[in-house]
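Reviewing the structure listed below.
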């Protein structure tokens, strides 16, 4: 089996798979230590879009209160001993998270990336 040009072995699949838990609800913030301690959890990441909605910030991912909460959450994840990451398309949050020494950063989601690439392809075809 192949994925991204790498030959995968089903016999080794348990070694190659990781479980990354997304923290996206206010309730999860209250249970962060317990979530990080679950056996088999390899890392945690903050999902600011859903977290913003859960905390009453709506879709405002740049709200100073949300940014502070996300950065504090990343610090708490790192303090738990688990790798901390962030999933957002927001460049300001990218910079703040990198400054907070996160372990991994997802800078977009598959649907958005596919849509932007499709739009670019359509513009190219229309201009020919």
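Has region 83-92 got any residue that is touching a helix residue (DSSP H, G or I) at 6+ places or on another chain (Cβ under 6 Å) and modelled with pLDDT under 90? Yes: region 83-92 contains one or more residues that are touching a helix residue (DSSP H, G or I) at 6+ places or on another chain (Cβ under 6 Å) and modelled with pLDDT under 90.
Scanning region 23-37 for residues that are surrounded by fewer than 16 Cβ atoms within 10 Å (Cβ to Cβ) and either in contact with a strand residue (DSSP E or B) (Cβ under 6 Å, 6 or more places away or on another chain) or assigned to a helix (DSSP H, G or I) (or both) yields 26, 27, 30, 33, 34. Among the conditions (1) surrounded by fewer than 16 Cβ atoms within 10 Å (Cβ to Cβ); (2) farther than 19 Å from residue 95 by Cα, residue 62 misses just one, which is (2).
Name the pairs whose Cβ atoms lie under 8 Å apart, with the first residue in region 66-95 and in contact (Cβ under 8 Å) with a residue 12 or more places away in the chain and at positive phi, the second buried (at least 17 other Cβ atoms within 10 Å of the Cβ) and outside any loop (DSSP other than H, G, I, E, B), and 6 or more positions between them or separate chains? Cβ pairs passing all conditions: 81/36. Looking across region 96-128, the residues that are assigned to a helix (DSSP H, G or I) and either touching a residue at least 60 places away in the same chain (Cβ under 8 Å) or touching a helix residue (DSSP H, G or I) at 6+ places or on another chain (Cβ under 7 Å) (or both) come down to 96, 97. Which one is farthest from residue 55 (Cα to Cα) among residues in region 101-115 that are modelled with pLDDT under 90 and surrounded by 12 or more Cβ atoms within 10 Å (Cβ to Cβ)? Residue satisfying both the conditions and the ranking: 113.
Yes/no matrix, rows are residues, columns are (1) within 20 Å of residue 18 (Cβ to Cβ); (2) modelled with pLDDT of 95 or more; (3) assigned to a helix (DSSP H, G or I):
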residue: 39; (1), (2), (3): yes, no, no
residue: 49; (1), (2), (3): no, no, yes
residue: 61; (1), (2), (3): no, no, no
residue: 67; (1), (2), (3): no, no, yes
residue: 77; (1), (2), (3): yes, yes, yes
residue: 94; (1), (2), (3): no, no, yes
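The values are calculated or read from the model by the stated rules, or taken from the named source; none is laboratory data. Just so we're clear, the structure is a prediction, and the values are computed from it rather than from any experiment. Quick reminder, even Gly has a Cβ in these numbers, built from the backbone with ideal geometry, and neighbours come from all protein chains shown.
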